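What follows is a set of notes on a single structure, which appears directly below.
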Amino acid sequence: MAYKAAHLAFKSRWHKTDEELCRHSMSFVLHKAIQNDFFKCYLYLLEKLPLVKLYALTSQVINGEMQFYARAKHFYREVPATEEGMMGDYIELSNTDVESSREFLRKFVGGVGKAGTSRALDCGSGIGRISKHVLLPVFKSVELVDMMENFLAEVPNYLQGKEDRVEMYYCKSLQEFTPAPQRYDVIWIQWVSGYLTDKDLLEFLIRCQDGLKDNGVIILKDNVAREGCTLDSLDSSVIRDLNILHSLIEMSGLTVLREERQEGFPEQCVPVWMLAMQKGHS
Ligand SMILES: C[S@@+](CC[C@H](N)C(=O)[O-])C[C@H]1O[C@@H](n2cnc3c(N)ncnc32)[C@H](O)[C@@H]1O
């Protein structure tokens, strides 16, 4: 399919040359050789660098980066700063989600060769649901980053007595946020990666690596499409399939330590996956 699309795109450009050049001339032979080499290179790139395909796919799906981000902000202006708001229509899944996350996290923190338990960063934190139920029971302190000021303003109230263990609040979009170097044992990115374009997610993952302490781990938890990349126009987010996520992760230089599908969610829900990643060792 990709070959066909590329071929069609360039066919019209080359058509004139194909038609007008004398078929026995040296120029025609050269022209054909260049054409062949071009398609071979293109296919090689598609295979080796799936982002070539991703950029094209994503730009088609989101229909303009500025609008994509503006629409998400617009959507969240109407979302209440509550657990219900953070969970959309699925508040009843919050306990199951949190339980699985805690179990998953335990595999990577505390103990020799594992991440420490000093400080975690909660990305796209909203009111701090993950900080409260998953991170604060493990880490001495947390920091939260979210684009919505009103969600962050609700955090101290929502954390009910644990708010003094929040070191920093960053009211920033992840595409503009750079974690401070070597600061975090764990960087948790849940239900927010779909609000970033491929390019911005890739660059964010690269910046996050610099924010990790030794043995630090990045955990990404999100909805995962069964195939391809689809747009949810309601909240202006994309859902990527695992292959696309793997491509971005690999390109960022991270290595996947473990990935698990969230269990216990209803069958009709989009599958949710947890991926733990570390700076690449390969
Ligand atoms: C579905 S909620 C999830 C909140 C939290 N991670 C949780 O699991 O409870 C998505 C959150 O991502 C935030 N968000 C969306 N796009 C963002 C962006 N580009 N940068 C930072 N935060 C973003 C929203 O403001 C919202 O708080």
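Whether a residue is more than 30 Å from LYS279 (Cβ to Cβ), open to solvent by 60 Å² or more (accessible area, probe 1.4 Å), touching a residue at least 12 places away in the same chain (Cβ under 8 Å) and among the hydroxyl-bearing types (Ser, Thr, Tyr) was assessed, and TYR90 passes this test. Taking the criterion of being within 21 Å of SER101 (Cβ to Cβ), part of a loop (DSSP other than H, G, I, E, B) and within 15 Å of the ligand (Cβ to nearest atom), the residues of the stretch 137-180 that qualify are LEU159, PRO179. Taken over the stretch 226-244, residues that are open to solvent by less than 70 Å² (accessible area, probe 1.4 Å) and in contact with a helix residue (DSSP H, G or I) (Cβ under 8 Å, 6 or more places away or on another chain) amount to 11. For the stretch 192-213, a residue qualifies if it is under 23 Å from LEU234 (Cα atoms) and either open to solvent by 60 Å² or more (accessible area, probe 1.4 Å) or in contact with a His (Cβ under 8 Å, 6 or more places away or on another chain) (or both), and exactly one does: LYS199.
Here no helices (runs of 4 or more DSSP H) wholly within the stretch 60-134 include at least 2 residues being in contact with a Phe, Trp or Tyr (Cβ under 8 Å, 6 or more places away or on another chain) and among the hydrophobic types (A, V, I, L, M, F, W, C). Screening the stretch 187-282 for strands (runs of 3 or more DSSP E) wholly inside it with 2 or more residues that are of a type in the set (A, V, I, L, M, F, W, C) and within 13 Å of the chain's Cα centre (by Cα) returns the ranges 212-223, 237-240, 272-279.
Remark: pairs (first residue in the stretch 256-282, farther than 16 Å from SER100 by Cα and open to solvent by 20 Å² or more (accessible area, probe 1.4 Å); second residue part of a loop (DSSP other than H, G, I, E, B) and at pLDDT 95 or above; Cβ separation under 8 Å; 6+ apart in sequence or on different chains) = LEU257/PHE108; VAL270/VAL224; LYS279/GLY253; GLY280/GLY253.
The values are calculated or read from the model by the stated rules, or taken from the named source; none is laboratory data. A quick note: this is a predicted structure, and the numbers were derived from the prediction, not measured. All Cβ positions, even for glycine, are placed from backbone atoms using ideal geometry, and neighbour counts span all protein chains on display. Accessible surface is based on the protein model in full, side chains and every heavy atom, while ligands, DNA and RNA are left aside. Shrake-Rupley method; radii C 1.70, N 1.55, O 1.52, S 1.80 Å.
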